[in-house]
Structure formats: structure tokens, C-alpha cells
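Participant: Pasting in a structure now, in C-alpha cells, and then I'll have a few things to ask.
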Amino acid sequence: MPRGDSLRDFVLEQMAGAGPVRARAMFGGHGLYLGERFFGIILRDTLYLKVDDATRPRYVAAGMEPFRPPRGRPTTMKYYEVPADVLEDADELARWTTDAVKAARAPRARRRAR
């Protein structure tokens, strides 16, 4: 499995079937974007994709863990680690990427005024 910048380059190549994905450096890792939509994270040699209620079960069924930000932040976020077999299959990763972009496009629930 590639590491560091090699992993970033590998992921971008594997995701090409989903569209013009780009990576932007952030907090020691990379944020992944399709257009202006932020849908993925590469950090500590791990790829995480945005999930929603429809896609989360496939990650959980594969035994994947949610992204956990540094201490002092919320304990989990709506990004899950991508299984190695999906990462290595460009067609499958393109499908998971498309689903992550859709999850990122979903409207956020409005917070109640306090």
C-alpha cells in the first residue's frame, strides 16, 4: 500500500473515474474535492470518505472505523476509512467516491436556535 504523497497520487489516480478529483493540503494530510465539494480526507496514510445514513452501513459491515480528529474536537465525524480492497479497485472506488460526493451535497440539518 502506498504511503504519504504516493498514497495521495495513487488515490487520485484510482478516483479518476468519478471525475476531476483534486487534493488540497490540510493539517498534515489532504482534503479531497470534486469541484468545490469536500468529500474525503487522507491522513496518517488512511483514506476516509464522507458517509450518510445510506452509505455508512457498508463501511461498518466492512469493519471500518470513523475518522477521529485530534483531541479536543468531536469524537467522530461523518467520514469513514475505506477498505483496502475498495481502494485497490479503481471502478469500485469511483462508485464509493461518487456516493461520498452525494453525501457531501446533502443539505445539512438546520440547528435549532437557542
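We did not get these values from a lab; they are worked out from the coordinates using the rules stated. Just so you know, these numbers come straight off a predicted model, no measurement behind them.
Participant: Would you grab the residues whose amide H sits under 5 Å from the one on residue 77? Only those 5+ places off in sequence or on another chain, please, with H modelled 1.01 Å from N.
Facilitator: Correct list: 67.
Participant: Based on the Cα atoms of region 1-45, what semi-axes does the equivalent ellipsoid have, where each is the square root of 5 times one gyration tensor eigenvalue, given in whole Å with the largest first?
Facilitator: 16, 13, 6
Participant: Between the alpha-carbon centers of region 77-95 and region 1-69, tell me the distance in whole angstrom.
Facilitator: Value for the Cα centre distance between the two parts: 8 Å.
Participant: Hey, another quick one. Can you work out the Karplus-derived ³J(HN,Hα) for every residue in region 52-57? Use 6.51 cos²θ - 1.76 cosθ + 1.60 with θ = phi - 60°, whole Hz, and x for glycine or proline.
Facilitator: Whole-Hz 3J(HN,Hα) from phi for region 52-57: 9, 4, 7, 9, 3, x.
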